[in-house]
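Just below is one structure, and these are the notes that go with it.
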Amino acid sequence: MIRLYHVSKSYGSAQVLHDVTFRLSKGEFAYLTGASGAGKSTLLKLLYGAEAPTSGKLLVGGVDASKLGPARLPLLRRNLGVIFQDFKLIPNRTVFDNVGLALEVIGAERREISRRVNAVLNVVGLGGKGERRPLDLSGGEQQRVAIARAIVNDPAVLLADEPTGNLDGAMAVEVMEILLSINLRGTTVLIATHDIGLMERFPHRRLRLNAGRMSE
Amino acid sequence: MSATLGHILRRAARSLWENLSLNAVAAGVIAAALLLGGAFWGAMSTLNDAVEVWERDVHLSAYFASGVDEARQRAVLAEVQAMPEVEAVTWVTATDARAYLEERVPDIQPILVELGEDAVPASLEITLRARYIGDETLSDFVTRLQRAEFEELDYGKEWVERLTAFLGLLKALGAALGTLLVMAAVFLVGNTMHLVTYARRAELETMKLVGATLQFIAAPFLIEGAVQGLIGALLAIGALSGLKAVLLGRIQELVPLGQAPLADGSLGLSTVLGLLTVGVLLGVVGCGSAVLRFWRQAP
Ligand SMILES: Nc1ncnc2c1ncn2[C@@H]1O[C@H](COP(=O)(O)OP(=O)(O)O)[C@@H](O)[C@H]1O
Ligand SMILES: [Mg+2]
């Protein structure tokens, strides 16, 4: 589902990823781990096409994200769910609208949007909070809004950047359980995290990044 | 498809409402550009009309040499009348001319007496048909009109020529000014809308990240631009009508332009449609450029 061949990425003269090669099969659940600054977020950005690799090749669901023109990049992103490190919630829109955005951009009917958004809000435990604004919610709730938006259109691949980064223990476990349940429905999941405790509690494949070099 | 259209229209309405002041600024910029351009254009076409009226009036005075008797003058009159270019000829005899002069300038009597019989020559006042008024036909006509009986041919050609040349210059200037205005307006609207995309960049960026196409993101802004253009154009049309009514009233008091059909405040359908079109285009292009700028730099 995800393949990288000798991928390198530099920002100017600073090389952030060095010759990274790995593959992730359909339905797999894996951690992308490494210290802060190791290049985890950068690798995810390559996968959802926000950055292009400096060299090497990268395939997501069979398409080369780096070679997609502006017309086809949106099509890739519709098959990806991304949980951003900073959530990227729109502060002056309701929780419902924030989650519905992912369906709105693909032209879903309003009734369909309403049905699916309400369903997914229940999945992440935010049923009844659809009319709130993100800033009125706790950090954990905001995180779950971000998850809801990422999974609302049943993506083939879910990418999560530090989804438990600013949550306390109990909340982190709750979020992990949501992500695992999504994986159980067949979605390929890649989670960037440096939370060792969590990885030990929910053991899965680990892809380690160390100053931009990958090892397992 | 209809769902997408619904989303786009809702977004356009929301953006117009939530960025009311910036949208007002953009509409104001468009109105100002159209007002300036329209006023210049109006002044130019008014002048153009006036010159056309004067040109249509081209009018020659052919003065008889002294010693050409009235019988001969009458014969020449008949010849001139037969020329195809001639619309009308009035024969002003020396007596008529003197009487006219004396009536107009009462103190001239002694001078005329001093100068003697031949002081005021008889003349033919010739009006040309409109279609013969082009530059070449005019000088051609003058050549053929020339004959021994005439002492002098006098026509306002130089004046008309100079005015036409001036008008040409003014038109070139207008084209340059128009181009500049359009560029300035697109630039200003683009920058105003850049503020809108900047204020909403979190939302737009997120939309792009979750798979919105450029068309989906841009469409509401293009609608927004069209609305700005429409409102800007309507403002400009109102202001120009007012300006036209007031100024033309004034001008006509000062310089009677004959039966000029210019005096009322209405701009004419083609001008109104032109202003609306240019206004909408300015808004759409300005907003479009702002969205494109956002799209290129967003992740
Ligand atoms: N847009 C950028 N321009 C320049 N350097 C960047 C940029 N984004 C990230 N970096 C650098 O790349 C390195 C890896 O960053 P990042 O991928 O965010 O690491 P992680 O997510 O593992 O903490 C860091 O040294 C960071 O400063
Ligand atoms: Mg990071």
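Just how many % of Cα pairs in region A:107-159 lie over 19 Å apart, if you round to the nearest whole percent? For region A:107-159, the fraction of Cα-Cα distances above 19 Å is 26 percent.
For region A:2-215, the share of DSSP beta bridges that are antiparallel, to the nearest 5, is 50%.
Here the convex hull built on the C-alpha positions of region A:100-216 has a volume of 127 cubic angstrom per residue. Projected onto its three principal axes, the C-alpha set of region A:75-166 covers 32, 26, 22 Å, listed from the longest axis down. The aspartates and glutamates within cross-link reach of A:Lys26, meaning a Cα-to-Cα straight distance under 17 Å and a gap of 8 or more places when in the same chain, are A:Asp64, A:Asp154. Ignoring lysines fewer than eight residues from B:Lys244 along the same chain, the ones with Cα atoms less than 29 angstrom from its Cα are B:Lys171.
Each residue in B:Trp17, B:Trp41 was given a count of other beta-carbon atoms within 10 angstrom of its own, and listing them fewest first yields B:Trp17, B:Trp41. Our helix-only sum for the protein assembly as shown, with -39,500 (n - 2.57) per DSSP H run of n ≥ 4 divided by its residues, gives a mean residue ellipticity at 222 nm of -19000 deg cm²/dmol. For chain B, with equal point scatterers placed on the C-alpha atoms only and solvent neglected, what are the log10 I(q)/I(0) values from the Debye formula at q = 0.06, 0.07, 0.10, 0.13 1/Å, to two decimals? Values, matching the q order: -0.41, -0.50, -0.73, -0.96.
If I model a spin label as a point 7 Å beyond the Cα along the Cα-Cβ vector, how far apart are those points for A:Arg206 and A:Asn122 in nm? The modelled label-to-label distance comes out at 3.8 nm. In percent, rounded to a whole number, the relative contact order of chain A is 31, using alpha-carbon pairs under 8 Å and six or more apart.
For A:Lys45, the lysines whose Cα comes closer than 18 Å to its Cα, not counting residues fewer than 8 places off in the same chain, are A:Lys9, A:Lys57, A:Lys67, A:Lys88, B:Lys208. For region B:59-155, take the convex hull of the Cα atoms, compute a quarter of its surface area, and give me that in nm², please. In nm², the orientation-averaged hull projection of region B:59-155 is 6.4.
With the simple spin-label model, which puts each label point 7 Å out from Cα in the Cβ direction, the B:Gln109 to A:Asp168 separation comes to 12.0 nm. Here the dipole of the protein assembly as shown is about 5260 debye; that uses its Cα centre as origin and unit charges on the Cβ of Lys and Arg (positive) and Asp and Glu (negative).
Evaluated with a Cβ-only charge set (Lys, Arg +1; Asp, Glu -1), chain B carries a dipole of roughly 3080 debye about its Cα centre, given to the nearest 20. Can you give me the relative contact order of chain B as a percent, contacts being Cα pairs under 8 Å and 6 or more apart? Here the relative contact order equals 31 percent.
Annotation: region A:155-216 has a Kirkwood hydrodynamic radius of 12.4 angstrom, from the mean reciprocal C-alpha pair distance. Residues A:Glu109, B:Glu85, arranged from fewest to most other Cβ atoms within 10 angstrom of their Cβ, appear as A:Glu109, B:Glu85.
Arranged from fewest to most other beta-carbon atoms within 10 Å of their beta carbon, B:Glu203, B:Glu161 become B:Glu161, B:Glu203.
First measure r as the distance between the Cβ atoms of A:Glu109 and B:Val246, then evaluate 1/(1 + (r/R0)^6) with R0 = 45 Å and state the FRET efficiency to the nearest 0.05. After rounding, the FRET efficiency stands at 0.25. Backbone amide hydrogens, once placed in the peptide plane, bring A:Arg206 within less than 5 Å of A:Tyr31, excluding anything fewer than 5 places away on its chain.
The orientation-averaged shadow of the Cα convex hull for the protein assembly as shown, equal to a quarter of the hull surface, comes to 36.5 nm².
Running a GNM on chain B with Cα contacts under 10 Å, which residue among B:Val68, B:Val105, B:Val86 ends up with the highest mean-square fluctuation? Per the Cα network of chain B with a 10 Å cutoff, B:Val105 tops the list.
Here region A:2-215 yields Rg over Rh of 0.96, to two decimals, using C-alpha coordinates and the Kirkwood radius. Between the residues B:Leu9, A:Pro163, B:Leu230, the greatest Cα displacement towards the positive end of the dipole of the protein assembly as shown, with unit charges on the Cβ of Lys, Arg, Asp and Glu, is found for A:Pro163.
Every read-out reported here was derived from the displayed coordinates using simple, explicitly stated rules and does not represent laboratory data. Small disclaimer: the values here were computed from a predicted structure and weren't measured. All Cβ positions, even for glycine, are placed from backbone atoms using ideal geometry, and neighbour counts span all protein chains on display.
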